[in-house]
């Protein structure tokens, strides 16, 4: 009997609400601590990056119109989804060579951080806006508003918590990703 060849998962990009493969067709291998091949990861090209920026700019107008309450719901829903897939995420971190306690801590911290920033969404304006003194009979207010597209690269070490730590404050503050 011949040995079976494993069909490895190829993780795709996420652009504009879809999961396309990279236009270049390139990928890199994800290996565990012992060098065993676990999966393939699409390697983005400049065109993929441009496509992501175009998609984000296209979504900016609708995103900037979202209320703080709605952004809070989005972050909380992300936390719920991570909580529902917690065991799967822990298992994937274990495959990559994390210790059990470290994997559980990373996933739990990512979930907690999303919930934390979900609570901050409607408080950003009160904390970071201001009534500015002016020498006339007018009111002058500073209010944080979405300003544009933000590109985020997750750190390689503790990528899940690193990604959540960068994305959650951006979403809570109202900027587009």
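The values are calculated or read from the model by the stated rules, or taken from the named source; none is laboratory data. In this text the structure is predicted, and so the values were computed from the model without any measurement. Please note: Cβ atoms are built from the backbone with ideal geometry, for glycine as well, and neighbour counts cover all protein chains shown.
Would you pick out the residues in region 83-99 that are touching a helix residue (DSSP H, G or I) at 6+ places or on another chain (Cβ under 9 Å) and in contact (Cβ under 8 Å) with a residue 40 or more places away in the chain?
89, 93, 96
Select, from 56, 110, the only residue that is touching a strand residue (DSSP E or B) at 6+ places or on another chain (Cβ under 6 Å), closer than 18 Å to residue 166 by Cα and touching a residue at least 24 places away in the same chain (Cβ under 8 Å).
Numbers: 110 fails: touching a strand residue (DSSP E or B) at 6+ places or on another chain (Cβ under 6 Å).
Exactly one residue qualifies, and that residue is 56.
Tell me which residues, restricted to region 123-177, are modelled with pLDDT of 75 or more and in a loop (DSSP other than H, G, I, E, B).
Within region 123-177, 133, 134, 135, 136, 137, 138, 139, 148 meet the criteria.
Would you be able to tell me the number of residues in region 22-44 that are in contact with a strand residue (DSSP E or B) (Cβ under 6 Å, 6 or more places away or on another chain) and within 30 Å of residue 58 (Cα to Cα)? Break it down stepwise before answering.
Step one: list which residues in region 22-44 are in contact with a strand residue (DSSP E or B) (Cβ under 6 Å, 6 or more places away or on another chain), which gives 22, 27-32, 37-43.
From what's left, within 30 Å of residue 58 (Cα to Cα): 22, 27-28, 40-43.
The total comes to 7.
Would you point out which residue out of 45, 62 is loosely packed, with under 13 Cβ neighbours inside 10 Å, without any contact (Cβ under 8 Å) to a residue 60 or more places away in the chain and more than 17 Å from the chain's Cα centre (by Cα)?
Numbers: 45 fails: loosely packed, with under 13 Cβ neighbours inside 10 Å.
Being loosely packed, with under 13 Cβ neighbours inside 10 Å, without any contact (Cβ under 8 Å) to a residue 60 or more places away in the chain and more than 17 Å from the chain's Cα centre (by Cα) holds for just one of 45, 62, which is 62.
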